[in-house]
Amino acid sequence: MASRELTFRILRYNPETPDVKPHLQDFHLNEEPGMTLFIVLNRLREEQDPSLRFDFVCRASICGSCGMLINGKPNLACKTLTKALPDVTTLMPLPVFKLLGDLSVDTGVWFRDVSLRTESWVHTDEVFDPDAAEEKMDNELAKEIYEAERCIECGCCIGGCATANIKPSFIGAAGINRVARFMMDPRDKRTEQEYFEVVASEDGVFGCVGLMACDDNCPVGVPLRSQLAYVRRKMAVAGWHMGRGR
Ligand code: SF4
Ligand code: SF4
Ligand code: FES
């Protein structure tokens, strides 16, 4: 059986040459067994247009570099098989992040900013002793923290989030997940009131409209729905305590 001819309609734009307006360019390729969008984009760049820009590092859903809008839905290109796609596929860069060119965006600056704003490190007064035995942690709790740690910072939950698209200062599901990770960690000595300062605002958990596109769009299945609910619940209780002057 003859293989399908696939059309890839790709957004082209280079911010360094603003005279050339953003436009869609069609590329064609015959489908092969086991073909992913990683293979497609590399072949297009090697065989048809060396100026095509996109990001990949791991090819295995680990590095988070290859998030893009695939027919309008955020996903990782390296885990997307062409057999799951129609004959014509539109590829666009993730919105919200700074566009570097074509499908390449800078997620690093965004995630670094959110890490600093959410103070994503264990806050403790204990002095680190490299000779001390490793502290034990309850298995179930360690697993819950690990679930939050599985975020690969691909930006898919941010690119598909209505609030993040209209409010650049919103920390999004990935940022709230980060806060949840430290709230769960008994080694982090921050009080609920201190977390309240960081995340209980319209830029944080109270800016979230709760329709859960982020949960649907996370390509590695971080449990964003429960993380958002956890942080919202904690912050509502903290707000109630603060209102009562405790
Ligand atoms: S539930 Fe909240 S964080 Fe998730 S996509 Fe909707 S507004 Fe964004
Ligand atoms: S939570 Fe999921 S979708 Fe969001 S950045 Fe992390 S891995 Fe990507
Ligand atoms: S290339 Fe690393 S996640 Fe796709």
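Taken together, the values in this text are just the output of simple stated rules run on the coordinates, not laboratory data. None of these values were measured; they are calculated from a predicted model. FYI the Cβ positions are ideal-geometry reconstructions off the backbone, even for glycines, and counts take in every protein chain you see.
For His28 and Asp216, what does the FRET efficiency come to when R0 = 35 Å and r is the distance between their Cβ atoms, rounded to the nearest 0.05?
About 0.70, to the nearest 0.05.
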Each label sits 7 Å from Cα toward the beta-carbon; between Thr124 and Asp106 the label points are separated, in nm, by 3.5 nm
Expressed in angstrom and rounded, the centroid-to-centroid distance over alpha carbons for the range 181-232 and the range 56-109 is 25 Å
When Trp240, Trp110 are arranged by how many other beta-carbons sit within 10 Å of their Cβ, fewest first, they go Trp240, Trp110
Summed over the other residues with a beta carbon less than 12 angstrom from that of Phe56, with K and R at +1 and D and E at -1, the charge totals +3
Rounded to one decimal in nm, the spacing of the 7 Å Cα→Cβ label points at Ala133 and Asp188 is 2.7 nm
Protection proxy (average C-beta count within 10 Å per residue), highest first, orders 189-196, 36-43 as 36-43, 189-196
Filtered hits (aspartates and glutamates, Cα-Cα < 14 Å from Lys136, offset >= 8 within chain) -> Asp185
Listed with the fewest Cβ neighbours within 10 Å leading, Met183, Met68, Met137 appear as Met137, Met183, Met68
Each label sits 7 Å from Cα toward the beta-carbon; between Val88 and Leu116 the label points are separated, in nm, by 4.4 nm
Listed with the fewest Cβ neighbours within 10 Å leading, Ser169, Ser65, Ser201 appear as Ser169, Ser201, Ser65
The summed charge of the Leu228 Cβ neighbourhood (under 14 Å; Lys/Arg +1, Asp/Glu -1) stands at +3
Excluding residues fewer than 8 positions from Lys73 in its own chain, the lysines with Cα under 25 Å of it are Lys21, Lys83, Lys98, Lys167
Here the FRET efficiency for Arg9 versus Ala229, based on Cβ atoms and R0 = 45 Å and rounded to 0.05, is 0.75
